[in-house]
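Since the structure comes first, as structure tokens, the remarks are kept for the end.
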Amino acid sequence: NTSMSDCPWLNLKMASYHSQGCWSDKNILRLLENIENNVQCNDNETFKTTLSNMDWEKIAFKHFSAEMCKGKWLEISRKLRKLRTLKELVLEAKECVKIPTKCKKYEKHPDFPKKPLTAYIRFYKENWAQYSQEHPELNNKELTKILTEKYKQLPEEIKNGGGGGALTWMHWVAL
């Protein structure tokens, strides 16, 4: 038996009790239905545009004011991908309320290994200090341009790590 608190992007129970009163799953579904019913039929506008035109007084119900409903929706929608229409977002939110495990996002373990740096980033990090000392008059943007050009001048076999890494870069850049 899963509870709504298992769906981390919703985090409905704990935040609700403290901020806006008690939002049960039933109340949240009612809120989502009210939003869905008040979205215009020609919902071709972006999420933000539709949201700014929303009449929250029509969405309010029971003891939940327009302000409480808007606040709850903003809490629910905070972690949704917004490059869709409001109607699509509401449908996704309703699905997550009904089936919380479907929307569960897993956090990476803090000890999970990071991806290795790209050759360019390694080159940049290893050479930035030297170039910033040699050219103190340059700002970061100009310094990045110089380092990018230096990197582009490197032969492919050095960029791909075939020549011994940073020492080869240093040797090549010094030439």
*By average Cβ neighbour count within 10 Å, what is the ranking of 53-60, 29-36, 132-139 from highest down?*
29-36, 53-60, 132-139
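Full extension from Glu137 to Asn160: what is 0.36 nm times the residue separation minus their Cα-Cα distance, to one decimal in nm? Walk me through the numbers before you get to the answer.
Details: separation 23, 0.36 × 23 = 8.28 nm, distance 3.14 nm.
Once the chain is fully extended between Glu137 and Asn160, it gains 5.1 nm.
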_14 Å beta-carbon shell around Arg122, net charge (K/R +1, D/E -1)_ = +4
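Coordinate-derived values only; no laboratory data. Since the model is a prediction, treat every value here as computed from it, not as a measurement. Ideal geometry is used to build each Cβ from the backbone, glycine not excepted, and the neighbour counts take in all protein chains shown.
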